[in-house]
Amino acid sequence: MTIRRKYDRDFKRNAVLLCAEPGRSVAEVAENLGIPKDVLYRWCREYHIANGKQAFPDNGVEALTEGQKRIRELEKELRETQMERDILKKAMAIFSKAPK
């Protein structure tokens, strides 16, 4: 079983910035940091696509605005409420069929 290593946002950003230094290659930086060069290439691509601003959000939570966080909370609450409603519907159906 392969253990998947996780890297924080700062590590990824610093690794990408090291690649941008003159005279450094992605392969060299990857070897020095002990990470696969394919992973570092992917990080470089992600960093440049996001223009560095919102690159590497931690599970998407850090990059969310307050409004987006509130929407996620409300969506979670809605799912829980719908599940409770479904349970109550099933319970009513069971008890309405019970002999009197």
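The values are calculated or read from the model by the stated rules, or taken from the named source; none is laboratory data. Computed from a prediction, not measured in an experiment: that's the story for all the values here. No Cβ is skipped: glycine too gets one built from the backbone with ideal geometry, and neighbour counts run over all protein chains shown. We work out accessible area using only protein heavy atoms, side chains counted, and drop any ligands, DNA or RNA first. Shrake-Rupley method; radii C 1.70, N 1.55, O 1.52, S 1.80 Å.
The distance linking segment 1-56 with segment 66-92 is 38 Å (Cα centroid to Cα centroid, whole angstrom). Here's the picture: a label point sits 7 Å out from the Cα of Glu46 along the beta-carbon direction, and within segment 14-28 the residues with their amide nitrogen under 18 Å of it are 14-20, 26-27.
Largest accessible area first, the residues Arg4, Arg45 order themselves as Arg4, Arg45 under a 1.4 Å probe with ligands, DNA and RNA left out. Of Glu66, Glu46, the residue with the largest accessible area leads and the full order is Glu66, Glu46 (1.4 Å probe).
A Förster radius of 25 Å combined with the Cβ-Cβ distance from Arg9 to Glu77 puts the calculated FRET efficiency at roughly 0.30.
With a 10 Å cut-off between alpha carbons and a GNM built on the chain, which of Leu88, Leu40, Leu74 moves the most? Judging by the Gaussian network model, the answer is Leu88. Spatially close Lys pairs in the chain, defined by Cα atoms under 23 Å apart and a spacing of eight or more places or different chains, total 11.
So what is the accessible area of the chain per residue, in Å², with the probe set to 1.4 Å? Write out the running numbers ahead of the final one.
Working: 8550 Å² over 100 residues.
In whole numbers, the chain has 86 Å² accessible per residue.
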